[in-house]
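The values are calculated or read from the model by the stated rules, or taken from the named source; none is laboratory data. The shown structure was predicted, so the numbers you read here are calculated from the model rather than taken from an experiment. Note that we place each Cβ from the backbone using ideal geometry, even for glycine, and neighbour counts take in every protein chain shown.
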Amino acid sequence: MTTGYKLFLTVAVPCLFFATLLVVFWLASKTKARFQTPLARLIFLGPAAVLLFIGLVIPALQTFWKGFLNDDSTKWIGLKNYGWIFTTPDNRTFLINTLLWIIITPIFSTALGLTLALLLDRMKRESLPKSLIFMPMAISFVGASIIWNLVYSYKDPSVSPNQTGLLSAIMIRLGLSDPPNWILWQPWNNFLLMVIMIWIQTGFAMVVLSAAIKAIPTDVTEAAMLDGASGWSLFSKVTVPMIRGTLVVVLTTIAIGVLKVFDIVRTMTGGNFGTQVLANEMYAQSFVQFNYGRGSALAVVLFIAVVPLIVYNIVQLRKEQSIR
Amino acid sequence: MSVETGGLTAKLEEAVVAAPDHGGMSTALRRNLSSPWASALVIFITILWTIPTFGLLVTSLRPAADANSTGWWTAFTNPNFTLSNYSEVLNGGNTIPGGIAPYFINSFVISIPAALIPLTLALMAAYALAWVPFRYSTAVFLAIFALQVVPLQMALLPLLQMFNKGWTIGNIPIIPPIKDTPLHLLAASGGANFAPLWIAHTMFALPLAIFLLHNFISQLPKDLFEAARVDGASHFLIFRKLVLPLSVPAIASFAIFQFLWVWNDLLVGLTFAGGTADVAPITVYLSNIQGTYGAALHLTTAGAFIAILVPLAVFFALQRFFVRGLLAGSVKG
């Protein structure tokens, strides 16, 4: 495909789309007055409804169904795919890793984000540090993986005196003569991959929590300080309870993101060296090994894991809104 | 209704947008609390957070021999910089045969329509749900809201099969494969087509887009719409002359969020583009060269920097909209 044709498409496709809409709008507004309102509903809501139905509703149902079929979707095998997920010893790696990811990453990101939000609240010029810490959020997971490859890359010190990886170099400078090959270093390599996600999500936690802290009414903090609260007691007895709802939202939001993320693992290790996670296993089963049954069952597990988090989030926020 | 069902995203938006930068504590109180230790710690963490990205930029500017044998930090004691990595990674060279340039263009070709089309469709749906209500409009809105729960992973495989083979019940075709629809006219001579990517991104964007835009549009003053209706304006005219101009802040936030989401996406790109230079986005290329040429640090870093340049430019230029859109959309997918 030539570049010219691609650029033509970029301009022509949206133009064609808008032109079609305008024509449809124009034709519809020429109809009799009593048709206008039902027609408006159909034209405004119809395209989105159809796309959502064939793009999300039907595929989700199909995935549920295929989870009960064999790998080329020709035979009903009941719960065997689910049995395979949870009883195959090899699968324990990605199940345990996924669990570790959704516990550790949100907690560390949120704790760091909260610390930063509190510290920033005491600073006069907070916008530059805020921007820089938030910046990783704009970078793709693939880009982040390549950035962190420079931190984790390793050369055998007995072969090459110079390290290209920052972490190896720092460890050698600190006196560790033979650092491990970080990415192959099981099971700790999992935590090193989590650091990348924490690096990305801390800025998110910080920005949201910082806004929540600033929204605490001044009289509440002042009253607490008049009563002698300061430092730790002000933080633990006033600040944290006041932003509890937001804290939960941040934790669960990051957990949801973590459950679905596969880019970091795919790019850094391809799921090898004991670093596999659920979302990447799902991708590998469906699109590399073409085991559709297993892939679908894994997608359903992902769905079932995400739902309670999202529901909890919504319930939590509703509760908070009804108090206000 | 939107307050009731506002949920997470509305809350986040409110938290960020509503809180003024220096509200909350009074100035005297702030000064009282500000300590040099807090500032020092923040500066330390900021530097720590920026170093990896900075290392990427420095490495990408070093000659191949230097970049692959010594750490990027030695470039300051022994400065030696070049732009040749960028020319090799853009156009291909000895190490990497195919360059990143076509993929970079592909990312634009994918992202721009994949931001504009769902935005428009969502704005239309949001207007209908908010201001042309019918008996089940609340139920429809809640159902769309609930669709955010479906992970992309669940929809990929069936959607891919639908694009390739169509969708039939028994022997009755319901949805034809893309090659039998007018959309195949968009394909290049080799058959490569961006349409599956645009359609998939549009579908996946809609639940969040409708939800966010509905929250915004439903808050617009009621009198405005009533007056326009009394004056005899059709819904189509109201949509163009009232809803569109009044929703610009929400449209900008969502457009930026969606553009970056598509630009940074790997999963949809991998599934629907097939990895060729014809349609695959830059993230797919990066992921592949990291797997194949990961040891060629000077090239992977240059490639990665080209890929993050666009989001970073958007981030620093449009931070206000970016933050709003990103926070509101952070639960997507």
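When segment B:260-275 is examined, which residues are found to be within 8 Å of another protein chain (Cβ to nearest Cβ) and either out of contact with any helix residue (DSSP H, G or I) (no Cβ under 7 Å at 6 or more places or on another chain) or within 19 Å of B:LEU57 (Cα to Cα) (or both)?
Once the filter is applied, which keeps residues that are within 8 Å of another protein chain (Cβ to nearest Cβ) and either out of contact with any helix residue (DSSP H, G or I) (no Cβ under 7 Å at 6 or more places or on another chain) or within 19 Å of B:LEU57 (Cα to Cα) (or both), segment B:260-275 yields only B:ASN264.
Among the numbered criteria (1) in contact (Cβ under 8 Å) with a residue 40 or more places away in the chain; (2) polar (S, T, N, Q); (3) under 22 Å from B:GLY99 (Cα atoms); (4) assigned to a helix (DSSP H, G or I), which one does B:THR276 miss?
(4) is the only condition that B:THR276 fails.
May I ask you to say which residue of A:SER73, A:SER29 is surrounded by 13 or more Cβ atoms within 10 Å (Cβ to Cβ), in contact with a helix residue (DSSP H, G or I) (Cβ under 7 Å, 6 or more places away or on another chain), more than 7 Å from chain B (Cβ to nearest Cβ) and at pLDDT below 90?
Selected residue: A:SER73, the only one of A:SER73, A:SER29 that is surrounded by 13 or more Cβ atoms within 10 Å (Cβ to Cβ), in contact with a helix residue (DSSP H, G or I) (Cβ under 7 Å, 6 or more places away or on another chain), more than 7 Å from chain B (Cβ to nearest Cβ) and at pLDDT below 90.
Quick one: what pairs do we get from segment B:34-59, first residue facing another protein chain (nearest Cβ under 7 Å), second of a type in the set (A, V, I, L, M, F, W, C) and outside any helix (DSSP H, G or I), C-beta under 8 Å, 6+ apart or different chains?
These pairs meet every condition: B:SER34/A:MET123; B:ALA38/A:MET123; B:SER39/A:MET123; B:VAL42/A:MET123; B:THR53/A:ILE139.
Among the numbered criteria (1) surrounded by fewer than 21 Cβ atoms within 10 Å (Cβ to Cβ); (2) within 30 Å of A:LYS155 (Cα to Cα), which one does B:PHE305 miss?
The single condition B:PHE305 does not satisfy is (1).
For segment A:162-186, which residues satisfy the criterion of being within 12 Å of A:PHE273 (Cβ to Cβ) and either assigned to a loop (DSSP other than H, G, I, E, B) or in contact with a Cys (Cβ under 6 Å, 6 or more places away or on another chain) (or both)?
Once the filter is applied, which keeps residues that are within 12 Å of A:PHE273 (Cβ to Cβ) and either assigned to a loop (DSSP other than H, G, I, E, B) or in contact with a Cys (Cβ under 6 Å, 6 or more places away or on another chain) (or both), segment A:162-186 yields A:PRO180, A:ASN181, A:TRP185, A:GLN186.
Is there a residue in segment B:293-302 that is in a helix (DSSP H, G or I), touching a residue at least 12 places away in the same chain (Cβ under 8 Å) and surrounded by fewer than 22 Cβ atoms within 10 Å (Cβ to Cβ)?
yes
In segment B:186-223, which residues are without any contact (Cβ under 8 Å) to a residue 24 or more places away in the chain and either touching a Cys at 6+ places or on another chain (Cβ under 7 Å) or not in a helix (DSSP H, G or I) (or both)?
If the condition is that a residue be without any contact (Cβ under 8 Å) to a residue 24 or more places away in the chain and either touching a Cys at 6+ places or on another chain (Cβ under 7 Å) or not in a helix (DSSP H, G or I) (or both), then B:ALA187, B:SER189, B:GLY191, B:PRO221 are the ones that fit.
Looking for whichever is within 8 Å of chain B (Cβ to nearest Cβ) and at positive phi here; the options are A:GLY270, A:GLY274. Which one fits?
The unique qualifying residue is A:GLY270.
Among the residues of segment A:204-244, how many are over 25 Å from A:PRO129 (Cα atoms) and not hydroxyl-bearing (Ser, Thr, Tyr)?
Going through segment A:204-244 one residue at a time, the tally reaches 13.
If the requirement is being surrounded by fewer than 18 Cβ atoms within 10 Å (Cβ to Cβ), more than 10 Å from chain A (Cβ to nearest Cβ) and within 30 Å of B:PHE239 (Cβ to Cβ), which of these qualifies: B:ALA139, B:ALA130?
When all the criteria are applied, what remains is B:ALA139.
Based on what the data block shows, is B:PHE76 surrounded by fewer than 16 Cβ atoms within 10 Å (Cβ to Cβ), more than 18 Å from B:ALA277 (Cα to Cα) and at the interface with chain A (Cβ under 10 Å from one of its Cβ atoms)?
Here the answer is no, as B:PHE76 does not meet what is asked.
Of these, A:PHE64, A:PHE8, A:PHE17, A:PHE53, which one is in contact (Cβ under 8 Å) with a residue 40 or more places away in the chain, surrounded by fewer than 19 Cβ atoms within 10 Å (Cβ to Cβ) and either outside the structural domain of A:ASN291 (by TED's automatic domain parsing) or not acidic (Asp, Glu) (or both)?
Only one candidate qualifies: A:PHE64.
Being more than 30 Å from A:LEU22 (Cα to Cα) and either hydrophobic (A, V, I, L, M, F, W, C) or in the same structural domain as A:LEU251 (by TED's automatic domain parsing) (or both): is that true of A:ASN91 here?
yes
Being within 21 Å of A:ALA60 (Cβ to Cβ) and not hydroxyl-bearing (Ser, Thr, Tyr): is that true of B:VAL109 here?
Judged against the criteria, B:VAL109 is not a match.
Identify, by number, the condition in (1) within 30 Å of B:ILE43 (Cβ to Cβ); (2) in contact with a Phe, Trp or Tyr (Cβ under 8 Å, 6 or more places away or on another chain); (3) surrounded by fewer than 23 Cβ atoms within 10 Å (Cβ to Cβ); (4) polar (S, T, N, Q) that A:ASN91 doesn't meet.
It is condition (1) that A:ASN91 fails.
Just checking, which of A:ALA138, A:ALA224 is surrounded by 15 or more Cβ atoms within 10 Å (Cβ to Cβ) and more than 20 Å from the chain's Cα centre (by Cα)?
A:ALA224
Say we look at segment A:32-50 and pick out the residues that are under 25 Å from B:VAL150 (Cβ atoms) and either among the aromatic types (Phe, Trp, Tyr) or in contact with a helix residue (DSSP H, G or I) (Cβ under 6 Å, 6 or more places away or on another chain) (or both); which of these is surrounded by the most Cβ atoms within 10 Å (Cβ to Cβ)?
A:ALA48
Kindly establish whether A:SER210 is hydroxyl-bearing (Ser, Thr, Tyr), in a helix (DSSP H, G or I) and either over 24 Å from the mean Cα position of the chain (by Cα) or closer than 30 Å to A:VAL250 by Cβ (or both).
Considered against the rule, which asks whether it is hydroxyl-bearing (Ser, Thr, Tyr), in a helix (DSSP H, G or I) and either over 24 Å from the mean Cα position of the chain (by Cα) or closer than 30 Å to A:VAL250 by Cβ (or both), A:SER210 comes out as yes.
Looking at A:ILE54, is it facing chain B (nearest Cβ under 10 Å), on the phi < 0 side of the Ramachandran plot and touching a strand residue (DSSP E or B) at 6+ places or on another chain (Cβ under 7 Å)?
It is true that A:ILE54 is facing chain B (nearest Cβ under 10 Å), on the phi < 0 side of the Ramachandran plot and touching a strand residue (DSSP E or B) at 6+ places or on another chain (Cβ under 7 Å).
In a helix (DSSP H, G or I), over 20 Å from B:ILE308 (Cα atoms), touching a residue at least 60 places away in the same chain (Cβ under 8 Å) and not aliphatic (A, V, I, L, M): is that true of B:PHE239 in this structure?
yes
Does B:ILE117 fit the bill of being facing chain A (nearest Cβ under 7 Å), part of a helix (DSSP H, G or I) and either among the hydrophobic types (A, V, I, L, M, F, W, C) or closer than 30 Å to A:VAL288 by Cβ (or both)?
It is true that B:ILE117 is facing chain A (nearest Cβ under 7 Å), part of a helix (DSSP H, G or I) and either among the hydrophobic types (A, V, I, L, M, F, W, C) or closer than 30 Å to A:VAL288 by Cβ (or both).
Here is a yes/no grid of residues against (1) within 22 Å of A:LEU21 (Cβ to Cβ); (2) more than 9 Å from chain A (Cβ to nearest Cβ); (3) among the acidic types (Asp, Glu):
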residue	(1), (2), (3)
B:GLU226	no, yes, yes
B:VAL230	no, yes, no
B:LEU244	yes, yes, no
B:GLN258	yes, yes, no
B:ALA277	no, no, no
B:GLN290	no, no, no
B:LEU299	no, yes, no
B:VAL310	no, yes, no
